[in-house]
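Taken together, the values in this text are just the output of simple stated rules run on the coordinates, not laboratory data. Since the model is a prediction, treat every value here as computed from it, not as a measurement. Methodologically, a virtual Cβ is constructed for each residue, glycine included, from the backbone with ideal geometry; neighbour enumeration extends over all protein chains shown.
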Amino acid sequence: MTDMVIKQNLFKKALGQNKTLFGLWQGIPDTIVAEISAGAGFDWLLIDGEHGPFDLRSIMAHLQAIEPYPVSALVRPVEGSTALIKQLLDIGAQTLLIPMVDTVEQAEEIVKAAKYPPGGSRGLGTSMARAANWNRTPNYLADANEQICIIVQIETLLGLKNIEAIANVNGVDGVFIGPSDLSASMGKVGDPGNPDVIAAIKLGFKAIQSAGKSAGVLAVSEDLVKIYQEAGAKFIGVGVDAALLANATKKLASLYILDASDDISEGY
């Protein structure tokens, strides 16, 4: 019997290449939707445990559904607590996008929670961990840290103020800027495409790039995707499964129902 080897984090590896990675948000907690999305051709899918109605088991089911396909799975938990990070890594998540990070201290604690000693404080429970194939992956404890990818999400003016220092935290692999919450923090609620918000995001990209890290963003229009790609974004979310379904069904209904409303906005 051949020994299992640790799963390589292809998303983390691809961040170091000279290309933009395009992804889709997964907010519908149904594995059939995940499989449909996984076979569509995206570089990555993000399982959104912050705003989507996911729990630990449904996140694991999504990871299992996506795994056979040539697409990377990212997980955004509801928040970045040490206990939750440990559980997500144990069920097989390798790339985490942690929301609402405002300070260097938060970023340092997140990295610490995701790494085994001596680089961090992640608890050892590999006999119960899907990530370690239940202790059947040789050298998992020695190799796991290298495969973990930590992305922190900046969503407020405070986070934007601290963005370069946050990006420089050792163990932070990327910084994702959330346009919707940032627009709210800037007094422009519901207007993530506002020129002032776009300018702030582009400045944030420069700070991330100066730290040698990868910048990411959600952009749900082709114009914004082009703007952020030209500004150096390495990974861009270009849609949300629930919004795609809502808009497609509304568009179909509008062919037959005169009072069908406009497109549903996507706020992240």
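Tabulated data
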{"quantity": "Tilt relative to the chain, helix 195-210 - C-alpha long axis, 0 to 90 degrees, to 10", "calculated": "20 degrees"}
{"quantity": "Largest-first ellipsoid semi-axes for the chain, taking √(5λ) over the Cα gyration tensor eigenvalues, angstrom", "calculated": "30, 24, 16"}
{"quantity": "Linear extension gain, residue 83 paired with residue 191, 0.36 nm per residue minus alpha-carbon span", "calculated": "35.4 nm"}
{"quantity": "Column: log10 I(q)/I(0), Debye, Cα scatterers of the range 132-186, q = 0.30 Å⁻¹", "calculated": "-1.12"}
{"quantity": "Rh by Kirkwood over Cα pairs, then Stokes-Einstein D for the range 129-268 at 1.306 mPa s and 10 °C, µm²/s", "calculated": "92 µm²/s"}
{"quantity": "Candidates 243, 184, 253: whichever shows maximal mean-square fluctuation once the chain is modelled as a Gaussian network with Cα springs under 10 Å", "calculated": "253"}
{"quantity": "Calculated diffusion of the range 40-150, Stokes-Einstein form, Kirkwood radius summed over Cα pairs, 25 °C and 0.890 mPa s, µm²/s", "calculated": "171 µm²/s"}
{"quantity": "Most mobile listed residue (167, 207, 248) in the chain, GNM with C-alpha springs under 10 Å", "calculated": "248"}
{"quantity": "Cα lying deepest toward the dipole's positive end in the chain, options 193, 144, 61, charges on Cβ", "calculated": "144"}
{"quantity": "GNM result for the chain, Cα springs below 10 Å: residue of 145, 168, 247 fluctuating most strongly", "calculated": "247"}
